[in-house]
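Each reported figure results from applying straightforward, stated rules to the coordinates on display, with no laboratory input. Model, not experiment: these values are computed from the prediction. Counting neighbours? That spans all protein chains shown, and the Cβs are built from the backbone with ideal geometry, glycine included.
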Amino acid sequence: MDRKPLVCIFENDAKPELLKEVCAGLEEEGVLFGVFAQSEADVKTLAYNAAAQSLLNVGIGITMSGAVMQMKNFSIDKPIFNISGETGRDYRTLGANAARAVKGGVFV
């Protein structure tokens with residue numbers, strides 16, 4: 001994995017349309033991101049590991065069952081955002097909130 005300042009998105013069997021919404025939320029806020037396929041199936045673990053790999057200390061895990069946003073120094077059991085089965089708009093908002101965490105902005 002390239003060590004660039006970006007939000008890491010670790011995905012495992014994510015629904016393409018929902019992954020696209022997460023990425024769109026990050027793009028709209030102007031924050032770089034990278035999507036990396038992983039074998040881990042637990043969405044909290046994916047997010048925690050993504051945050052640990054991100055130079056920006058923010059990571060997202062996404063699977064078929066949902067998505068989690070995590071920050072590096074937070075407990076794996078206490079994700080910042082955790083969504084499942086919601087609309088594409090919710091996934092876009094999760095991406096935007098991850099970007100705002102990087103920029104020190106207010107969550108929506």
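Here are the numbers:
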read-out	value
Candidates G59, G30, G95: whichever shows maximal mean-square fluctuation once the chain is modelled as a Gaussian network with Cα springs under 10 Å	G30
Charged-residue dipole, Cβ positions (Lys, Arg, Asp, Glu), the range 7-103 about Cα centre, Debye nearest 20	280
Formal net charge of residues neighbouring G88 (Cβ-Cβ distance under 11 Å; K, R +1; D, E -1)	0
Global geometry of the chain, whether rounded, prolate or oblate, following the gyration tensor of its Cα atoms and the 1.5 cut on a/c	rounded
Ranked list, fewest to most other Cβ atoms within 10 Å of each Cβ, for I83, I9	I83, I9
Net charge of Cβ neighbours under 12 Å - reference T63; Lys, Arg +1; Asp, Glu -1	-2
The chain, relative contact order [Cα under 8 Å, separation at least 6], %	32
The range 37-92, relative contact order [Cα under 8 Å, separation at least 6], %	26
